[in-house]
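The values are calculated or read from the model by the stated rules, or taken from the named source; none is laboratory data. In this text the structure is predicted, and so the values were computed from the model without any measurement. Backbone-built Cβ (ideal geometry, glycine too); neighbour counts: all protein chains shown. Just so you know, the surface numbers come from the protein's heavy atoms only, side chains and all, with ligands and any DNA or RNA stripped out. Shrake-Rupley method; radii C 1.70, N 1.55, O 1.52, S 1.80 Å.
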Amino acid sequence: MSVHPHSKLNELSGVIFLASSCLLLLSLISYDSMDPGLNVAAPHEQYSNYAGRIGALIADYLFELFGLAAFILPIPFIFVGYKKVRGRPIHSPIVKLIGFTAITFSVCAGFSLLSPALPESVNFTPGGIFGILTSRQLLFYLNRPGSLIVITAVLVSALVLTTRFSLVGVADWIEKKDWRLSS
């Protein structure tokens, strides 16, 4: 197997994407609302975030914008990193980007509409700014039940666009499943 400089560049960029996804996930998991950030003026310069000052700022910013949906943001980095390391092309990158954006916004809006309880120590809303803005528009035009239907439809459509998820596959699985209760 010959090593072409282009393949080495792909591998290097893949490692960078994978490392970025790990750092992003680490910063989100170790988020501390008392770390100095965009909306916290802490008297100390110590950061609890495992990714340090940069991780604290990134986590604060992403949670403010996306709420709990921030946890899905490392996924495309993992996907692109894996494809680059393996030297595989990314088919329809624009369609996948649009689909992932739709997934992100629908999850943000869903968290805003469903409003799961967050600990008091958290200083962001479940859906973030994007969820609040999206859900307000949906509620204005569709009310709550209609909004949830649209969010679900957008989420499922985006999953079909970006992944191997198939409604036909789900229907086949349901059809083949033995639903009888065994004793």
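May I ask for the Kirkwood hydrodynamic radius of the chain, worked out over all distinct Cα pairs and given in angstroms to one decimal? Let's see the in-between values first.
Numbers: mean 1/r = 0.0530 Å⁻¹.
Taking the inverse mean of 1/r over all distinct Cα pairs, the chain comes out at 18.9 Å.
Could you order ASP32, ASP60, ASP178 by accessible surface area, starting with the largest, using a probe radius of 1.4 Å?
ASP178, ASP32, ASP60
With a cap of 16 neighbouring Cβ atoms within 10 Å, and only residues DSSP puts in a loop, list the chymotrypsin sites (Phe, Trp or Tyr not before Pro) found in region 96-183.
Those satisfying the criteria are PHE165, TRP179.
What's the carbon and sulfur percent of region 85-183's accessible surface, probe 1.4 angstrom, rounded to a whole number?
Summing carbon and sulfur atoms, their accessible area is 67 percent of the total for region 85-183.
In the full protein assembly as shown, how much of VAL15 is accessible to a 1.4 Å probe, in Å² to the nearest 10?
90
For the chain, what number of Lys pairs, 8 or more residues apart or on separate chains, have alpha-carbon atoms under 17 Å from each other?
4
Before I look further, what does region 77-183 give for accessible area per residue, probe 1.4 Å, in whole square angstrom?
71
How large is ³J(HN,Hα), in whole Hz, for each residue of region 69-77 in order, when computed from phi with the Karplus curve 6.51 cos²θ - 1.76 cosθ + 1.60 and θ = phi - 60°, using x for Gly and Pro?
With coefficients 6.51, -1.76 and 1.60, one gets 5, 4, 5, 8, 5, x, 4, x, 5 Hz.
Ignoring ligands and nucleic acids, what accessible area does CYS22 show with a 1.4 Å probe (Å², nearest 10)?
The value for CYS22 is about 90 Å².
Please calculate the 1.4 Å probe accessible area of THR104, with all protein chains present, and give it to the nearest 10 Å².
Here the accessible area works out near 10 Å².
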